[in-house]
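The values are calculated or read from the model by the stated rules, or taken from the named source; none is laboratory data. Please read all numbers here as calculations on a predicted model, not as lab measurements. Note: ideal-geometry Cβ built from the backbone for every residue, glycine included; neighbour counts use all protein chains shown.
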Amino acid sequence: MFIDVPKVPLPGPRTLPWIGPKLAVLRFLLDPVAAMFELRERYGELVALSRDDPSFVCVFGSELNRAVLSKPNLYHHLFESPVRIPAGNPGEAFATNIIAQNGEHHRWLRRMLMGAFTKQRLRGYAEHMVALTRARVASWTCPGKLQTREQMTTLAREIAMSCLFGLSMAEAGNINRDMVELMDLVLSPAAAMFPVRLPGTPYDRYLTLGEQVDAELRALIERRRREPPGDDVFSVLIAARDEAGEPLTDIQLVGQATTLIISSYETTAMSLTWACLMLATDPEIQRELGDEVSAAIGDAPVTLDDLERMPLLGWVVDETLRLFAPTPNLFFRRSTADSTLAGYELPVGSTLIVSPLITHRDPETFPEPRRFLPRRWDGLELGPYDYIPYGVGIRRCLGAGFAAQAMRLVLATMMQRVRLCVPAPLEINYRPKGVVTGAEGSVELELRTPAQGVAPAAAITGTIDRLVELGA
Ligand code: HEM
């Protein structure tokens with residue numbers, strides 16, 4: 001991740017030579033939310049993590065988003081596994097993942113994957129999403145407590161296993177368990193900093209899990225090839241052919257499978273957790289949403305067509321992703337040539353950090369930016385670079401439609417059965433983990449029946465107040 005680039009005049013905090021710049025990057029990675037708020041406040045729209053050092057530079061706001069994201073050949077996606085993989089280890093398949101590709105190969109891979117996310121495919125996934133949510137909601141005791149983060153994570157995993165791999169949780173068994181553990185180690189500093197394969201070390205565990213996941217996915221590929229064509233994402237990828245009739249190789253399939261899991265379920269689970277919390281803190285909006293869902297679908301299983309008749313539902317999701325963009329910064333970009341941004345000359349090899357977190361708090365585009373106001377979306381007109389929870393352009397999230405429909409279907413199904421409340425003071429802190437920032441702890445809410453209605457929310461404290469102003 002670190003390469004040598006010549007110093008140039010750039011605003012930013014002073015750091016010590018040598019260790020300073022690395023420490024600045026480490027601090028950024030540990031809490032990108034706090035770092036970006038502070039840097040934006042003190043230095044403006046372009047700021048180096050370490051003064052005059054173009055190794056890591058934040059660019060803030062729609063104009064600079066456009067300047068960087070509209071030029072994917074000049075600003076390459078930077079994704080390197082922080083953990084070293086020995087040559088010949090099955091973990092090398094991870095390097096074939098779409099996030100790590102650029103240029104023509106990235107476009108080719110994207111075309112291969114896009115077939116799994118067409119409108120028609122999304123329609124098929126919707127049925128699984130609703131059935132799994134109905135079953136999960138039915139397992140809750142109401143009135144009772146909801147460990148929101150755990151429940152949303154389990155549900156998002158069930159949806160991922162079913163729609164991405166065509167597996168129930170019982171069938172997914174080892175794949176699910178190993179992938180979840182592997183994901184936790186992908187960005188583990190311990191595995192990255194001590195890459196010596198000794199029994200019991202995180203690095204050894206990482207490589208062992210990589211080998212297991214590789215074997216499990218290859219067995220699944222074999223099985224799928226013997227069966228009639230399935231309609232899950234992985235089956236569509238196995239059957240995909242390019243213009244020349246070529247399929248993805250097994251290594252490429254394994255690489256994409258791990259990426260799909262990594263990009264899909266934690267982002268969705270965290271967004272759902274925040275959405276539930278926001279509804280619980282805003283009884284008025286929750287009441288209106290409950291009424292909207294009840295008028296549109298009653299008790300019937302919600303379908304994709306129903307979503308069009310529930311605008312508030314869509315705005316609740318949009319507003320949640322505005323305030324709590326699961327990736328506060330997009331994947332880093334590295335310049336492939338000298339370039340100029342906001343009047344500053346940046347040498348080839350500069351690394352740029354683009355931020356949905358800061359973009360979404362521009363008061364010109366979003367008045368009262370720190371408040372949760374779903375109705376602001378009614379008739380709101382946005383430029384393409386003003387709202388970027390999924391990124392924008394040729395690197396835009398491939399699963400954006402999948403995620404947006406999953407979140408709306410889940411919330412609508414929940415509103416058919418339960419109401420969410422904060423009956424007693426609650427401390428909520430955000431927690432950066434890898435590239436995703438979510439909530440820490442369980443986010444315990446009270447479940448009530450729709451007939452019981454929603455109660456006013458008790459006070460919420462914690463670092464969440466950096467992300468949203470509650471109770472205004
Ligand atoms: C709330 C949920 C989600 C959010 C906020 C989200 C956000 C993002 C972001 C910000 C990027 C990178 C954009 C960039 O760096 O320019 C991305 C890429 C990607 N996401 Fe998502 N994502 C979500 C869910 C999903 C799901 C459910 C899937 C798959 C089913 C998925 C698959 C992907 C893939 C394959 C890429 C790489 C695209 C490329 O490099 O061309 N994501 N996502």
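Return yes or no: is Ala455 of a type in the set (A, V, I, L, M, F, W, C) and out of contact with any Cys (no Cβ under 6 Å at 6 or more places or on another chain)?
no
Looking at the range 65-123 only, could you name the residues that are among the polar types (S, T, N, Q), loosely packed, with under 15 Cβ neighbours inside 10 Å and outside any loop (DSSP other than H, G, I, E, B)?
Answer for the range 65-123, where residues must be among the polar types (S, T, N, Q), loosely packed, with under 15 Cβ neighbours inside 10 Å and outside any loop (DSSP other than H, G, I, E, B): just Gln120.
Would the range 370-380 turn up any residue that is surrounded by 15 or more Cβ atoms within 10 Å (Cβ to Cβ) and under 22 Å from Lys71 (Cβ atoms)?
no
Can you find a residue in the range 136-149 that is out of contact with any helix residue (DSSP H, G or I) (no Cβ under 8 Å at 6 or more places or on another chain) and buried (at least 17 other Cβ atoms within 10 Å of the Cβ)?
no
Yes or no, residue by residue, for (1) modelled with pLDDT under 95; (2) surrounded by fewer than 21 Cβ atoms within 10 Å (Cβ to Cβ); (3) β-branched (Val, Ile, Thr); (4) closer than 19 Å to Val317 by Cβ:
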position	(1), (2), (3), (4)
Leu411	no, no, no, yes
Leu420	no, no, no, yes
Lys433	yes, yes, no, no
Ala451	no, yes, no, no
Ile460	no, yes, yes, no
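If the requirement is being within 13 Å of the ligand (Cβ to nearest atom), of a type in the set (A, V, I, L, M, F, W, C) and in a loop (DSSP other than H, G, I, E, B), which of these qualifies: Leu357, Leu248, Leu330, Leu352?
Residue meeting the stated conditions: Leu330.
Being within 23 Å of the chain's Cα centre (by Cα) and either more than 19 Å from Gln256 (Cβ to Cβ) or surrounded by fewer than 20 Cβ atoms within 10 Å (Cβ to Cβ) (or both) is the filter here, so list the residues in the range 191-209 that pass it.
Of everything in the range 191-209, those that are within 23 Å of the chain's Cα centre (by Cα) and either more than 19 Å from Gln256 (Cβ to Cβ) or surrounded by fewer than 20 Cβ atoms within 10 Å (Cβ to Cβ) (or both) turn out to be Ala191, Ala192, Tyr206.
Here are Leu420, Leu409: which of them is over 24 Å from Glu41 (Cα atoms), within 16 Å of the ligand (Cβ to nearest atom) and either part of a loop (DSSP other than H, G, I, E, B) or not acidic (Asp, Glu) (or both)?
After ruling out the rest, the residue left standing is Leu409.
For the range 437-462, how many residues meet the condition of being of a type outside the set (Ser, Thr, Tyr) and either free of Cβ contacts under 8 Å to residues at least 24 places away in the same chain or part of a loop (DSSP other than H, G, I, E, B) (or both)?
Final tally of qualifying residues: 14.
Looking at the range 251-262 only, could you name the residues that are within 16 Å of the ligand (Cβ to nearest atom) and either surrounded by fewer than 21 Cβ atoms within 10 Å (Cβ to Cβ) or over 27 Å from the mean Cα position of the chain (by Cα) (or both)?
Passing the criteria: Gln252, Thr259.
For Phe324, are the conditions met, namely being surrounded by fewer than 24 Cβ atoms within 10 Å (Cβ to Cβ), within 15 Å of the ligand (Cβ to nearest atom), within 13 Å of the chain's Cα centre (by Cα) and not small (Gly, Ala, Ser)?
The answer is no for Phe324.
From the list Asp338, Asp291, Asp282, which one is in contact with a strand residue (DSSP E or B) (Cβ under 8 Å, 6 or more places away or on another chain) and more than 21 Å from Phe402 (Cβ to Cβ)?
One residue alone meets the criteria, Asp338.
Of the residues Gly379, Gly401, which is of a type outside the set (Phe, Trp, Tyr) and within 29 Å of His106 (Cβ to Cβ)?
Gly401
Within the set of pairs 6+ apart or on separate chains, which have a first residue in the range 269-296 that is surrounded by fewer than 19 Cβ atoms within 10 Å (Cβ to Cβ), a second that is among the β-branched types (Val, Ile, Thr), and C-beta atoms under 6 Å apart?
Pairs found: Pro283/Val454; Arg287/Val454.
Taking Arg27, is it of a type outside the set (A, V, I, L, M, F, W, C) and touching a Lys or Arg at 6+ places or on another chain (Cβ under 9 Å)?
No.
Which condition number in (1) within 16 Å of the ligand (Cβ to nearest atom); (2) of a type outside the set (Lys, Arg); (3) at pLDDT below 95; (4) in contact with a helix residue (DSSP H, G or I) (Cβ under 7 Å, 6 or more places away or on another chain) is the one that Glu266 fails?
(4)
Which condition does Asp465 not pass, out of (1) surrounded by fewer than 16 Cβ atoms within 10 Å (Cβ to Cβ); (2) assigned to a loop (DSSP other than H, G, I, E, B); (3) of a type outside the set (A, V, I, L, M), if it passes all the others?
Against the list (1) surrounded by fewer than 16 Cβ atoms within 10 Å (Cβ to Cβ); (2) assigned to a loop (DSSP other than H, G, I, E, B); (3) of a type outside the set (A, V, I, L, M), Asp465 comes up short only on (2).
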